[in-house]
């Protein structure tokens, strides 16, 4: 990987161990707090939950949107967080219910040599870009990419569940559970749906990770829906990347990618 100078853009690279650690996600050791109980929420970057995990602070210049949703309210968290806050957020709520954290991170830029770029495309379900590069005579060209992130985290306060889990918050790339994860237990399935630009994203690869299980790989149907198997307790990370050729406002980037993730916790039995 090398750093490429781009006009009017500050490029931030995560080097060494995290050079190809793609996933960002929210994590807490308490997805089901009692009313008024604190859950410390961390923002991590890493590789499949288990390798090269690094905690990230709050970066207001990289975070155009960070909100907390509940059944009857929406809170802008950017106004209450100091730059560099680590962990990124201390959550607590007086009222029982389902809560949704949602964050958007704006463009970062990266340049990857051709072989590593193609490996990355295959690994992250972006195989469809490989023939497009070949058709344009770009197979041996380094990958010049800009990427943005769209992150969610679901928490359940007390036993009273509501429909906040399926709220669509207007993200460019958005993962929406169609069932409340906190009505599920180990051994159940969970249906979800993917939207890009407000429309269902069909025929796209999605992954589901749990530290005690193997990664599941699914493909969305024609309505952007898919199902995962909740075969372990603990935290689940559902994630995907969508990439396309960059058309406008790209700087030196040829490609733009959109990274979506949602996390939640599953217990052995439902409450």
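A few notes on this one:
- Alpha carbon centroid spacing (whole Å) that separates segment 41-111 from segment 194-208: 22
- FRET E, pair residue 233, residue 138, Förster distance 30 Å, beta-carbon r, rounded to 0.05: 0.10
- Selected from 227, 28, 140 as most flexible by GNM, with the chain as the system and alpha-carbon contacts under 10 Å: 140
- Highest-MSF residue in the chain out of 109, 128, 89 [GNM, Cα springs under 10 Å]: 128
- Exposure proxy shown here: for 229, 239, 161, the number of other Cβ atoms within 10 Å sets the order, fewest to most, as 229, 161, 239.
- At an R0 of 25 angstrom, the distance between the Cβ atoms of residue 212 and residue 168 translates into a FRET efficiency of 0.25.
- Summarising the label geometry, the points placed 7 Å from Cα in the beta-carbon direction at residue 34 and residue 122 lie 5.2 nm from one another.
- Net length available on complete extension from residue 113 to residue 80 is 7.8 nm, with 0.36 nm assigned per residue and the Cα-Cα distance removed.
- For the listed peptides 255-262, 187-194, a ranking on the average number of other beta carbons within 10 Å per residue, highest first, reads 255-262, 187-194.
- Antiparallel bridge percentage (DSSP; both residues within the chain; nearest 5): 90
We did not get these values from a lab; they are worked out from the coordinates using the rules stated. Values in this document were obtained by computation on a predicted structure and should not be read as measured data. Here the Cβ is made from the backbone with ideal geometry for all residues, glycine too, and neighbour counts use every protein chain on show.
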